[in-house]
Structures are given as C-alpha cells and as structure tokens.
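The block underneath contains the structure these notes are about, expressed in structure tokens.
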Amino acid sequence: MDLAWYALLGLFFATYLVLAGYDYGVGLLLARGIGPAGRRGALNALGPFFLGNEVWLVAAVGILFGAFPLLEGELLAGCYPAVAGALVGVVLVTAGVQLRSRSADERVRARWDRVVIVGSMLAALGWGVLLAALLQGVPRQADGHVAGVSHLATPFAAAAGLAMLALVAVHGATFLTLRLPAADAAAVGRTARRLVPVALSAVALATVVGLLSARVRDAVQRPTLGVLLPVLLVGALLAARAALARRRPGWALVATGTALALPVALVGAALWPYVLVSTTDPAASLTVADAAASTPTLRLLTWVALPLLPALLGFQAMCWWVFRGRTDGRAPVYW
C-alpha cells in the first residue's frame with residue numbers, strides 16, 4: 001500500500017508541474033517586452049485555469065502530510081529554502097495575476113507583471129532545486145535529521161533549476177500557441193520553437209553535471225533509468241518542436257507536458273526503494289516503507305481519496321472543455 005501512495009504522490013505532483021508549469025511559463029514570457037495588450041491577452045488566455053491548477057499542489061501536499069509525515073518533516077527541514085522559495089513564487093503569481101486586473105493604470109499593471117515574472121522564476125527554480133536535492137541525496141544523520149541546507153548549493157542543483165526554468169518557459173509558450181488568436185499564436189509559436197533548443201541545452205547541461213557528480217552517482221539506485229529518462233525527455237522536446245513546426249499545438253502541449261512530468265518519474269524510479277538517500281551515513285537513508293504512515297492510516301486515507309481523485313480529474317476535464325479553443329472563440333487545429 002505504501003508503494004501505491006508513493007505513486008499517487010508522484011502522480012499528483014507531476015500533474016501539478018504539468019498544469020501549473022504553463023502558468024509559470026506564461027509568467028516568464030511577460031518579461032519579453034511585449035506591449036500591454038499582449039500581456040493582457042496572455043493572462044486572459046491563462047485566467048480560467050491557473051487557480052484550478054494549483055489545487056493539485058494542495059492535494060499533493062495533503063498526501064505528503066497524511067501518507068508520508070516523516071518525509072514531509074525531512075523535506076521542510078532539509079530543503080526549506082527551495083520549498084519556501086517555490087511556495088513564495090506560487091503566492092506571488094496568484095496575487096499578481098489577481099491584483100493586476102483590479103487596476104486600470106498601466107503603470108500599476110506593469111508592476112504586477114514584474115511580480116508575476118519574479119514569482120514564476122521562484123516557483124520554477126524552487127521545484128527544480130527540490131527535485132535535484134532528492135536525486136543527489138541529502139546529509140541525513142543517524143539521528144534521523146538532515147544537517148543544514150548546503151546540499152542545495154551544488155552545481156547539479158543549479159543546473160536542474162535552470163533546466164526546470166527552461167522547460168516551463170517552452171511549456172508556457174506552447175500553451176499560448178494553443179490559446180491565443182491565430183494571428184498572435186503564430187508569433188508565440190515561433191518563440192516556442194526558439195525556446196526548445198534552449199530547453200534541450202539546459203537539460204543536456206543538467207544531465208552532464210549529474211553524470212559527473214559523485215553525489216548523484218552514489219544516490220541513484222538504478223543508473224539505467226537515470227540515463228534513460230533524460231533521453232526520453234529530450235525526445236519529448238524534439239517531438240514538441242516537430243509538432244509546433246507542423247502547427248499542431250495540441251500535440252506540442254502534450255509533449256512539453258510530458259517533458260515536465262518526466263523529472264518526477266526520474267526521481268521516484270531512480271531512487272526506489274529509497275525516498276531520501278543519505279550522503280553522510282548510508283544507514284540513515286530513508287526508504288519509502290519507513291517514510292509511510294501506518295497501514296491503518298493508509299487504508300483510511302484510501303477511502304477518503306477514492307472519491308477525490310475522480311472529482312479532481314472531472315473538474316480539470318470540465319475546465320478544459322468549457323474554455324476550449326482560442327480566446328477569440330475560434331477552435332484551433334489541435335492535432
């Protein structure tokens with residue numbers, strides 16, 4: 001049962017990254033110097049979705065608290081700067097998007113645009129660094145506590161944060177290609193195609209730095225998966241670029257979403273059966289079974305979660321169905 005809940009935790013967090021990833025990607029694109037009308041159009045395209053997307057983060061945190069309380073404590077203690085930075089970014093994006101529309105003054109709106117940009121950067125970098133910290137291991141001591149936060153300041157963590165930043169940028173541009181009016185979508189599509197090589201370079205850099213890192217090599221339990229999944233990630237980005245070139249934004253969005261979900265799968269599969277690998281004391285490494293709550297607790301949570309998962313999926317499907325098509329009311333060529 002602990003494996004099922006671990007997979008569910010990964011599913012919820014990966015879904016959050018896929019859905020909220022285009023929120024942060026659109027936020028990053030506000031820094032490109034487009035005019036006020038362009039910014040307004042981009043945020044209008046995003047508007048119906050971004051609050052619903054964050055529900056998946058709330059659900060993932062709920063699973064973490066309920067099903068893996070020990071892991072929750074270690075993550076907050078040992079990766080506090082990354083988690084806090086990401087959550088501050090989430091709050092800034094939400095506040096910026098909401099409060100921007102409350103003002104008719106373009107100067108005030110420009111300030112809120114900068115808040116959204118900063119929040120998007122913090123969220124993307126924070127989640128990328130958190131995933132990198134898990135993959136490279138943490139200094140967990142024999143007493144069960146993680147010592148300090150210096151493990152977050154490594155070349156691999158920095159490279160992974162930049163890779164996540166590049167992935168959400170291309171994901172956001174692809175989302176706008178699907179949602180904006182056709183005349184604007186063509187320009188954004190060109191931007192998305194130009195961002196794909198940037199994302200490929202960032203992923204390649206993170207992969208090389210990871211392969212050269214003794215921390216990562218020691219922490220990864222299945223090296224074959226550690227190499228295979230970055231290859232799949234590169235394949236997803238290339239598929240996105242091909243779909244964009246053929247003006248198939250639906251397939252392109254599926255491909256960039258897959259690229260954002262793969263890092264979560266990489267961490268979970270490469271570390272199994274551990275969830276936290278100790279870089280200082282191998283005996284202090286935390287397995288999934290040890291991190292999970294008791295079996296009666298997991299059974300109770302299962303009965304609670306059974307109706308919630310279909311409700312979340314149904315809400316997301318309804319949201320996409322109601323607001324399908326472009327913001328000018330025209331349906332795009334998805335596939």
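Look through L130, L134, L200, L152 and report the one residue that is open to solvent by less than 50 Å² (accessible area, probe 1.4 Å), within 30 Å of D281 (Cβ to Cβ) and without any contact (Cβ under 8 Å) to a residue 60 or more places away in the chain.
On inspection, the qualifying residue turns out to be L130.
Based on this model, can you work out whether G73 counts as closer than 29 Å to A289 by Cα, at pLDDT 85 or above and over 15 Å from the mean Cα position of the chain (by Cα)?
no
Out of all the residues in segment 74-91, which are of a type in the set (V, I, T) and surrounded by fewer than 18 Cβ atoms within 10 Å (Cβ to Cβ)?
Hits for segment 74-91 are V88, V91.
Is there a residue being touching a strand residue (DSSP E or B) at 6+ places or on another chain (Cβ under 9 Å) and either surrounded by 15 or more Cβ atoms within 10 Å (Cβ to Cβ) or touching a residue at least 24 places away in the same chain (Cβ under 8 Å) (or both) anywhere in segment 231-242?
no
Could we say that T258 is at pLDDT 80 or above, outside any helix (DSSP H, G or I) and of a type outside the set (A, V, I, L, M, F, W, C) here?
Criteria not met by T258.
Which ones in segment 283-298 are surrounded by 11 or more Cβ atoms within 10 Å (Cβ to Cβ) and not polar (S, T, N, Q)?
Scanning segment 283-298 gives A284, L286, V288, A289, D290, A291, A292, A293, L298.
Pick from segment 1-53 the residues that are open to solvent by 30 Å² or more (accessible area, probe 1.4 Å) and among the charged types (D, E, K, R): which of them is nearest to L271 (Cα to Cα)?
Ranking the candidates gives D2 first.
Pick from A157, A132, A147: which is touching a Pro at 6+ places or on another chain (Cβ under 6 Å) and farther than 13 Å from T256 by Cβ?
Result: A147 is the single residue among A157, A132, A147 that is touching a Pro at 6+ places or on another chain (Cβ under 6 Å) and farther than 13 Å from T256 by Cβ.
Provide a single number: the residues in segment 209-226 that are open to solvent by 80 Å² or more (accessible area, probe 1.4 Å) and assigned to a helix (DSSP H, G or I).
Selection size over segment 209-226: 7.
With the requirement that a residue be over 13 Å from G21 (Cα atoms), open to solvent by less than 20 Å² (accessible area, probe 1.4 Å) and not basic (K, R), what does segment 161-180 give you?
Selection gives G161, T177, L178, L180.
Considering segment 104-116 alone, what residues qualify as being hydrophobic (A, V, I, L, M, F, W, C), in a helix (DSSP H, G or I) and open to solvent by 30 Å² or more (accessible area, probe 1.4 Å)?
V108, A110, W112, V115
Are any residues in segment 9-19 within 21 Å of F65 (Cα to Cα) and hydrophobic (A, V, I, L, M, F, W, C), and if so, which ones?
L9, L11, F12, F13, A14, L17
Kindly establish whether V83 is over 30 Å from M1 (Cβ atoms), out of contact with any Asp or Glu (no Cβ under 6 Å at 6 or more places or on another chain), in a helix (DSSP H, G or I) and not acidic (D, E).
no
The values are calculated or read from the model by the stated rules, or taken from the named source; none is laboratory data. No experiment lies behind these values; they were computed from the predicted model shown. All Cβ positions, glycine included, derive from the backbone under ideal geometry; neighbour counts span all protein chains shown. Each accessible area value is taken on the protein alone, full model and side chains, heavy atoms only, with ligands, DNA and RNA left out. Shrake-Rupley method; radii C 1.70, N 1.55, O 1.52, S 1.80 Å.
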